[in-house]
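The values are calculated or read from the model by the stated rules, or taken from the named source; none is laboratory data. Nothing here was measured: the structure is a model prediction, and the numbers come from that model. For neighbour counting, all protein chains shown are included, and Cβ atoms are generated from backbone atoms with ideal geometry for every residue, glycine included.
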Amino acid sequence: MNDITKIKKWFIRYLSLTAIVLLAACSLPEVTPPVETTVPTEPPFIVTNTESPSPTVPAFPAPVEITNNNAASLTMVNRAPVNTAQLIKWANDSLSLAVSTQNTDASGNQLFGVSVLAVPGLTPTNIMSTKDGRVADISSNGKLAALVSLDMTSISLVDLTAANSVVLTISPDFLVGNATFSPDGATLAVTIIDEWKVVLYSSIDGSLINTLTGFETAAPIYNAGFTQSPQWIVWHARATLQLQEIVNGNFGPTLDHQDFVTAYAMTRDGSMLASNVSTAGIDPAPAVTLWDAAGGNVLRTFELTEPAHCIDFSPNGTLLAMGVGSALQIWDVTSGNMLASLDGHAGQITALAFSTDGKLLATIGNDNQLFLWQVSE
């Protein structure tokens with residue numbers, strides 16, 4: 001055997017030995033076959049009510065009236081996204097609510113809209129969008145939206161149930177400030193930009209009903225119009241509120257505050273008014289004041305940790321709902337006790353409203369969420 005042959009054999013043996021050593025030193029992972037999985041046949045949520053035909057539609061319990069005895073049991077039962085909401089308006093039958101919005105499109109133009117949502121599912125039944133006028137108010141039957149033109153020269157009434165068609169246009173000889181529907185929707189109160197006047201029109205044919213004057217203040221008028229009571233027009237100028245009767249034009253007492261009034265509401269029977277002021281400093285502490293509407297006397301003061309940006313009475317006037325920061329607070333009007341403080345919104349509550357039957361409560365926050373609340377029993 002020559003030297004070259006010996007070198008080849010030695011090299012082969014060396015490679016073989018090296019391979020054996022390496023294999024012995026390595027711990028290779030054990031490959032196991034995949035575990036056989038079985039797709040469950042049960043739905044992810046167990047439906048206990050076998051009478052419900054569709055498991056995709058959530059079942060909502062029948063609502064009961066919200067009272068001082070059960071307000072602490074209020075629970076958020078549904079939610080829907082909204083974007084820059086301005087106003088909540090319940091329909092008289094409490095089966096739907098309308099939300100007005102104001103946004104800016106990609107070109108920087110203002111875009112105004114109304115979404116009508118079925119209750120309790122909060123599914124939209126109609127959507128209206130326009131660049132021609134801002135939504136000033138929505139009628140209590142959920143049918144009409146009052147739009148003030150951007151040049152403030154006219155008011156258009158849009159029928160939300162008839163393809164968003166304009167059914168009436170009122171073109172007064174003055175610049176329009178604001179427009180509000182009476183609780184029954186039959187009358188439209190229109191304010192004038194440069195005069196202390198409220199002009200009442202028929203929302204059916206646009207005819208002139210009456211003109212209310214006589215309010216005087218050193219400050220510009222911030223607003224005037226209908227609230228929840230058909231008896232009164234409420235005038236608002238900075239730290240002053242004053243009521244004026246629709247029929248005879250008589251004024252109630254002046255309701256003076258120490259700071260700017262940022263929110264107010266009336267009972268449906270017109271007997272009480274609640275108002276909130278924006279408090280710049282620590283003293284006086286934030287509070288909502290309850291007034292005797294006819295006499296102008298302070299009935300009660302609800303002391304708060306921060307101002308309430310929106311308030312509303314229950315239909316029977318026994319409860320007062322407030323948006324205090326991100327919390328929904330329910331107060332007993334008679335005792336002055338807070339019955340509930342409910343969290344859920346991620347930002348300031350900016351609008352809220354009891355349903356007409358007093359069984360539901362809707363809140364909207366600057367987190368762009370609409371919450372629907374009802375008593376959980």
When you go through (1) on the phi > 0 side of the Ramachandran plot; (2) surrounded by fewer than 17 Cβ atoms within 10 Å (Cβ to Cβ) one by one for GLY270, which number turns out not to apply? (2)
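Return the total of residues in region 158-179 being in a strand (DSSP E or B) and acidic (Asp, Glu).
Qualifying residue count, region 158-179: 1.
Taking the conditions exactly as written (surrounded by fewer than 20 Cβ atoms within 10 Å (Cβ to Cβ), in a loop (DSSP other than H, G, I, E, B) and either in contact with a His (Cβ under 7 Å, 6 or more places away or on another chain) or at positive phi (or both)), does GLY336 satisfy them or not? Please lay out each step first, then the result.
Details: surrounded by fewer than 20 Cβ atoms within 10 Å (Cβ to Cβ): yes; in a loop (DSSP other than H, G, I, E, B): yes; either in contact with a His (Cβ under 7 Å, 6 or more places away or on another chain) or at positive phi (or both): yes.
So GLY336 fits the description; yes.
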Within the group GLY142, GLY177, which residue is closer than 21 Å to LEU111 by Cα, surrounded by 22 or more Cβ atoms within 10 Å (Cβ to Cβ) and not aliphatic (A, V, I, L, M)? GLY142
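Going through region 180-191 one residue at a time, which ones are of a type in the set (A, V, I, L, M) and crowded, with 19+ Cβ neighbours inside 10 Å? Steps first, answer last, please.
Within region 180-191, the subset of a type in the set (A, V, I, L, M) is 186, 188-190.
LEU188, ALA189, VAL190 - these are the residues of region 180-191 that are of a type in the set (A, V, I, L, M) and crowded, with 19+ Cβ neighbours inside 10 Å.
Kindly establish whether SER140 is modelled with pLDDT under 95, in contact with a Lys or Arg (Cβ under 9 Å, 6 or more places away or on another chain) and under 30 Å from LYS359 (Cα atoms). Outline the logic, then answer.
Values: modelled with pLDDT under 95: yes; in contact with a Lys or Arg (Cβ under 9 Å, 6 or more places away or on another chain): yes; under 30 Å from LYS359 (Cα atoms): yes.
The answer is yes for SER140.
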Got a number for residues in region 101-123 being more than 13 Å from the chain's Cα centre (by Cα) and assigned to a loop (DSSP other than H, G, I, E, B)? 9
Scanning region 339-377 residue by residue, the ones that are closer than 18 Å to ARG79 by Cβ and in a loop (DSSP other than H, G, I, E, B) total 13
Failed condition for GLU195, given (1) among the charged types (D, E, K, R); (2) over 21 Å from LEU212 (Cβ atoms); (3) in contact with a Phe, Trp or Tyr (Cβ under 8 Å, 6 or more places away or on another chain); (4) surrounded by fewer than 16 Cβ atoms within 10 Å (Cβ to Cβ), with all others met? (2)
Take ASP312 and decide whether it is acidic (Asp, Glu), farther than 25 Å from TYR201 by Cα, touching a strand residue (DSSP E or B) at 6+ places or on another chain (Cβ under 6 Å) and buried (at least 17 other Cβ atoms within 10 Å of the Cβ). yes
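Taking the residues in region 207-234 that are polar (S, T, N, Q) and closer than 22 Å to LEU157 by Cα as candidates, determine which candidate is surrounded by the fewest Cβ atoms within 10 Å (Cβ to Cβ).
Step one: filter region 207-234 for residues polar (S, T, N, Q), giving 207, 210-211, 213, 217, 223, 227-229, 231.
Restricting the remaining residues to those that are closer than 22 Å to LEU157 by Cα gives 207, 210-211, 223, 227-229.
On the way: SER207: 10, ASN210: 13, THR211: 13, ASN223: 15, THR227: 22, GLN228: 20, SER229: 23.
Per the criteria, the residue is SER207.
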Report the residue count in region 298-317 for those that are of a type outside the set (Ser, Thr, Tyr), assigned to a loop (DSSP other than H, G, I, E, B) and either touching an Asp or Glu at 6+ places or on another chain (Cβ under 6 Å) or at pLDDT below 95 (or both). 3
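Could you tell me whether VAL82 is at pLDDT 50 or above and closer than 30 Å to VAL158 by Cβ? Let's see the steps before the verdict.
Numbers: at pLDDT 50 or above: yes; closer than 30 Å to VAL158 by Cβ: yes.
Yes; evaluated as a whole, the condition is true for this residue.
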Residues satisfying the stated conditions in region 202-232, i.e. in contact (Cβ under 8 Å) with a residue 40 or more places away in the chain and either in contact with a helix residue (DSSP H, G or I) (Cβ under 6 Å, 6 or more places away or on another chain) or under 23 Å from SER149 (Cβ atoms) (or both): SER203, ILE221, ASN223, ALA224, GLY225, PHE226
Given (1) in a loop (DSSP other than H, G, I, E, B); (2) within 21 Å of LEU290 (Cα to Cα); (3) more than 27 Å from the chain's Cα centre (by Cα), where does PRO253 come up short, assuming only one miss? (1)
Residues (farther than 20 Å from GLN228 by Cβ and either of a type outside the set (A, V, I, L, M, F, W, C) or not in a strand (DSSP E or B) (or both)) located in region 180-200: ILE193, ASP194, GLU195, TRP196, LYS197
How about region 318-333: which of its residues are of a type outside the set (S, T, N, Q) and either over 20 Å from the mean Cα position of the chain (by Cα) or in a strand (DSSP E or B) (or both)? LEU319, LEU320, ALA321, MET322, GLY323, VAL324, ALA327, LEU328, ILE330, TRP331, ASP332, VAL333
Looking at (1) in contact with a strand residue (DSSP E or B) (Cβ under 7 Å, 6 or more places away or on another chain); (2) polar (S, T, N, Q); (3) not in a strand (DSSP E or B), which is the one condition that is false for ASN92? (1)
Determine if region 129-149 includes at least one residue that is assigned to a strand (DSSP E or B) and under 30 Å from PRO61 (Cβ atoms). yes
Of all residues being under 16 Å from ALA80 (Cβ atoms), touching a residue at least 24 places away in the same chain (Cβ under 8 Å) and among the hydrophobic types (A, V, I, L, M, F, W, C) in region 339-369, which is surrounded by the most Cβ atoms within 10 Å (Cβ to Cβ)? Just the residue, please. LEU361
